[in-house]
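Trainee: Okay, handing you the structure first.
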Amino acid sequence: MDDKTRAELYRMMVLIRTYEEAILRDYHADKKPAFDIGAGLVPGEMHLSAGQEPVAAGVCAHLRQHDAVTAPHRPHHVAIAKGVDLERMTAEIFGRESGLGRGRGGHMHLFDPATHFSCSGIVGEGLPPALGQAFAFKRAGADAVAVAFAGEGAANAGVFHESLNLAALWNLPVIFVVEDNDWAISVPRRASTAIGNNADRAFAYGIPGARVEDNDVEAVYTTAGEAVARARAGEGPTLLEIHTLRLWGHFEGDPQAYRDDLDEVPGRDPIPRYEQHLLAEQVLTEDSIRQVRQEASARVEKAIEFAKQSPIPAPERAAEYVFA
Amino acid sequence: MSVTQTPPAPTTSRRLTTAKAIVEGIAQEMERDPGVVVIGEDVGAYGGIFSSTAGLLDRFGPDRVMDTPISESAFIGLGTGAAVEGMRPIVELMFADFFGVCMDQIYNHMAKIHFESGGHVTVPMVLMTAAGGGYSDGAQHSQCLWGTFAHLPGMKVVVPSNPADAKGLMISAIRDDNPVVYMFHKGAMGLPWMAKNPRSVGPVPEEAYETPIGRAAVAREGADVTIVTLSLSVQHALDVAEDMIGEGVDVEVVDLRSLVPLDRETVLTSVAKTGRLIVVDEDYRSYGVSGEIAAIVAEQDPALLRAPVQRVAVPDVPLPYARVLEDAVLPNRERIRAAVRRLTQA
């Protein structure tokens, strides 16, 4: 892997983290002293993706604008890595008229036709639409691919297995990416999943499967590159599982009292670890790190400012957009 | 190919079953638009369990008429994703009753994406499904359930009662930029292996035409009582209307044809004329189409009614298997006739 790619992976991870930290800040800013989930500039459930940056950065580095991505209820890292417009995405999260969905969707329902990005708040149910996008690409003779992201909890849902079977049967250009962050809200993987490696489930559908350990962004990049190349070449689907990290709660306000791994979580943060690695390898310098952070911060704060300045939807138009 | 916006009065003498009319509509659109594909269980060599896709495989080949595994969530969601990317898939859910295994893809995805995207993403897809009982298929294969689909926002719902509308509504559904749930009644398809009303065979123009979605039809004009109904029950209601001539009662029959959007105007106009309303619905009685129609009149002007509304619907019981029990709960001619008498003799 060349240094430019490694620096780019780092840059993307920092951008995602910077974004999630800013949303975290603004989400809680007006929910004090008592936390009220429906209050404030950013109301509702908020599932932040800190710790899972290596998955989005490593996979989406191989994608082009015309490739499709479906993300689950925790979508920001994937959206950013896919290249969704940061300002309109943020405006949507703030429920504004200039948001991706004019404030009708919210943070779990981001749709960006320009980058073929969408997400679904229902666990596992983003997989079938990705199949359909892959189906349309294949029929059009394009070499575009579709990538469906899902948490490890989704791998036990019926729709996951229906989708793998159909994708394999019809040889669709789709990549399934399971983000194993160890937790389905409060249920640990050991209490939900009969096997140790979800990628082994690929065997049941006659497709390749691979698991990446240790939230290693370079391993994600390499493994995903092979899967995307296979799909582009018409060789069909691949199932990947990435062992990643949920750095924060399932959603903001989650006290995480159930969590027995909290002590070790900070030490598993993938960004300082990768930063140290790239410093040691002389890919980054203290100066270049500072520059990456400054640029990320400037982009994110500009997006948040855009959102805050965007108009609030008119209540008398609440019933619009049901039909085309 | 000529394309007309409204169905001409069928001057043709050519008569088709509802099933063949549906297939003709699909085939004409497949000829016109390469983005139209048919996806579902047994839609290929079998031609659809209720003949809704008969002959399409031979004509268009396996790349456009695709049998699927029994994976309704996967293949309905596939249809949604393909529609998002600009195709116009027709996806068949073999029985409406089977929505239980795949409803998330239908009401949380197919129906909501346009809204959640603020109108930036469209889902031009047809979800075709078989509804209705009357042939002892039991509680899991006989339901209409159109009220359930119509209740949930974001999908149009059409319910043809005759061959000409079946073709025109299919063409309209395919061309519509929204998801359209196309619900045909098994008993109205004109199948050779199921008892049928002669009204399941009728004149169908040969050219492609649209039957407008959201517009009801006055299937029979009358002065004394309005029957608002849909799908197979329209055929029963027309039979009853003819019977009632002998009793000196002039029945108007309104065929809703679409549940979403609903043509409130035609319902209100008819009720304003007759002052008497019977709603006949093969779906469950409570929280459904019959209550909605009654509510429209109540909201507009209860004084339109000279007598209380009558409802003939399935009395909130799963469809029983035994013939005599199923007959007892379906809105058949006897129950409709009794309602007309109650209302006109009151």
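Trainee: Can B:PRO160 be described as within 14 Å of chain A (Cβ to nearest Cβ) and under 21 Å from B:PHE98 (Cβ atoms)?
Mentor: no
Trainee: Any idea which residue in the stretch A:92-115 is farthest from the other protein chains (Cβ to nearest Cβ), counting only those that are among the aliphatic types (A, V, I, L, M) and over 14 Å from the mean Cα position of the chain (by Cα)?
Mentor: A:ILE93
Trainee: Could you check how many residues of the stretch B:53-98 are under 22 Å from B:THR122 (Cα atoms) and either of a type outside the set (S, T, N, Q) or touching a strand residue (DSSP E or B) at 6+ places or on another chain (Cβ under 7 Å) (or both)?
Mentor: 21
Trainee: Let me ask something else. Among strands (runs of 3 or more DSSP E) lying entirely in the stretch B:240-346, which contain 2 or more residues that are assigned by TED's automatic domain parsing to the domain that holds B:ASP137?
Mentor: So the answer is none; nothing clears 2.
Trainee: Looking only at the stretch A:6-16, decide whether some residue is small (Gly, Ala, Ser) and over 14 Å from A:GLU218 (Cβ atoms).
Mentor: no
Trainee: Looking only at the stretch B:25-47, how many residues end up being farther than 22 Å from B:TYR209 by Cβ and more than 14 Å from every other protein chain (Cβ to nearest Cβ)?
Mentor: Residues flagged as farther than 22 Å from B:TYR209 by Cβ and more than 14 Å from every other protein chain (Cβ to nearest Cβ) within the stretch B:25-47 amount to 5.
Trainee: Which one of these is outside any loop (DSSP other than H, G, I, E, B), among the aliphatic types (A, V, I, L, M) and at pLDDT 95 or above: A:ALA319, A:ALA324, A:ALA257, A:ALA298?
Mentor: From the options A:ALA319, A:ALA324, A:ALA257, A:ALA298, the qualifying one is A:ALA298.
Trainee: From the set of residues in the stretch A:18-74 that are surrounded by 19 or more Cβ atoms within 10 Å (Cβ to Cβ) and among the β-branched types (Val, Ile, Thr), which is farthest from A:ASP214 (Cα to Cα)?
Mentor: Checked the stretch A:18-74; the qualifying residue farthest from A:ASP214 (Cα to Cα) is A:VAL42.
Trainee: Turning to a different aspect of this structure: Within the stretch B:105-187, considering only helices (runs of 4 or more DSSP H) that don't extend past its boundaries, which have at least 1 residues that are within 18 Å of B:LEU93 (Cα to Cα) and in contact with a helix residue (DSSP H, G or I) (Cβ under 9 Å, 6 or more places away or on another chain)?
Mentor: The helices (runs of 4 or more DSSP H) meeting that bar are B:146-151, B:163-175.
Trainee: Right, something else. Can you tell me which residues in the stretch B:84-125 are among the hydrophobic types (A, V, I, L, M, F, W, C), under 23 Å from A:GLU320 (Cα atoms) and within 7 Å of another protein chain (Cβ to nearest Cβ)?
Mentor: Passing the criteria: B:VAL84, B:ILE113, B:PHE115, B:VAL121.
Trainee: Check off (1) closer than 26 Å to A:LEU245 by Cβ; (2) within 14 Å of chain B (Cβ to nearest Cβ) for A:PRO208 and give me the number that stays unchecked.
Mentor: A:PRO208 satisfies all of (1) closer than 26 Å to A:LEU245 by Cβ; (2) within 14 Å of chain B (Cβ to nearest Cβ) except (2).
Trainee: For the stretch B:192-240, which positions are more than 21 Å from the chain's Cα centre (by Cα) and surrounded by 18 or more Cβ atoms within 10 Å (Cβ to Cβ)?
Mentor: B:GLY222, B:VAL225
Trainee: Would you check if there is a residue in the stretch A:105-115 being at pLDDT 95 or above, crowded, with 24+ Cβ neighbours inside 10 Å and touching a Pro at 6+ places or on another chain (Cβ under 9 Å)?
Mentor: yes
Trainee: Please go through the stretch A:122-168 and give me each residue that is closer than 30 Å to A:GLY95 by Cα and more than 8 Å from chain B (Cβ to nearest Cβ), ordered by number.
Mentor: A:VAL123, A:GLY124, A:GLY126, A:VAL147, A:ALA148, A:PHE149, A:ALA150, A:GLY151, A:GLU152, A:GLY153, A:ALA154
Trainee: Within the stretch A:1-20, count every residue that is polar (S, T, N, Q) and either over 18 Å from A:LEU86 (Cα atoms) or in contact with a Pro (Cβ under 7 Å, 6 or more places away or on another chain) (or both).
Mentor: 1
Trainee: Please work out if A:HIS47 is more than 15 Å from B:HIS109 (Cα to Cα), of a type outside the set (Asp, Glu) and within 14 Å of chain B (Cβ to nearest Cβ).
Mentor: The answer is no for A:HIS47.
Trainee: Residues that are over 17 Å from A:VAL145 (Cα atoms), of a type in the set (A, V, I, L, M) and within 12 Å of chain B (Cβ to nearest Cβ): does the stretch A:73-83 have at least one?
Mentor: no
Trainee: Can you tell me which of (1) surrounded by fewer than 23 Cβ atoms within 10 Å (Cβ to Cβ); (2) under 12 Å from B:GLU116 (Cβ atoms); (3) at the interface with chain B (Cβ under 8 Å from one of its Cβ atoms) is the one A:SER118 doesn't meet?
Mentor: Here A:SER118 meets the rest and fails (1).
Trainee: Next question, about the same structure. Considering the stretch A:296-324 alone, what residues qualify as being free of Cβ contacts under 8 Å to residues at least 24 places away in the same chain and charged (D, E, K, R)?
Mentor: Within the stretch A:296-324, A:GLU305, A:GLU316, A:ARG317, A:GLU320 meet the criteria.
Trainee: Counting only residues that are in contact (Cβ under 8 Å) with a residue 40 or more places away in the chain, farther than 19 Å from A:VAL55 by Cβ and part of a helix (DSSP H, G or I), how many does the stretch A:264-290 have?
Mentor: Within the stretch A:264-290, residues that are in contact (Cβ under 8 Å) with a residue 40 or more places away in the chain, farther than 19 Å from A:VAL55 by Cβ and part of a helix (DSSP H, G or I) number 1.
Trainee: Select from the stretch A:224-239 the residues that are touching a residue at least 24 places away in the same chain (Cβ under 8 Å) and crowded, with 17+ Cβ neighbours inside 10 Å and list them in ascending order.
Mentor: A:ALA224, A:ALA227, A:VAL228, A:ALA231, A:ARG232, A:GLY236, A:PRO237, A:THR238, A:LEU239
Trainee: In the stretch A:202-222, what residues are assigned to a helix (DSSP H, G or I), within 22 Å of the chain's Cα centre (by Cα) and without any contact (Cβ under 8 Å) to a residue 60 or more places away in the chain?
Mentor: A:ALA202
Trainee: Here is a further query. Within the set of pairs 6 or more residues apart or between chains, which connect a residue that is within 20 Å of B:ARG88 (Cβ to Cβ) inside the stretch B:30-52 to a residue that is of a type in the set (Gly, Ala, Ser) and buried (at least 22 other Cβ atoms within 10 Å of the Cβ) with Cβ atoms less than 7 Å apart?
Mentor: Cβ pairs passing all conditions: B:ILE39/B:GLY79; B:SER52/B:ALA19.
Trainee: Any residue in the stretch B:63-80 that's not assigned by TED's automatic domain parsing to the domain that holds B:PRO124: show its pairings with residues that are outside any strand (DSSP E or B) at Cβ separation under 9 Å, as long as the two are six or more apart or on different chains.
Mentor: none
Trainee: Continuing with the same structure: Considering the stretch B:268-293 alone, what residues qualify as being within 17 Å of the chain's Cα centre (by Cα) and aliphatic (A, V, I, L, M)?
Mentor: Selection gives B:VAL279, B:VAL280, B:VAL289, B:ILE293.
Trainee: Provide a single number: the residues in the stretch B:150-172 that are crowded, with 24+ Cβ neighbours inside 10 Å and free of Cβ contacts under 8 Å to residues at least 60 places away in the same chain.
Mentor: 1
The values are calculated or read from the model by the stated rules, or taken from the named source; none is laboratory data. Just so we're clear, the structure is a prediction, and the values are computed from it rather than from any experiment. FYI the Cβ positions are ideal-geometry reconstructions off the backbone, even for glycines, and counts take in every protein chain you see.
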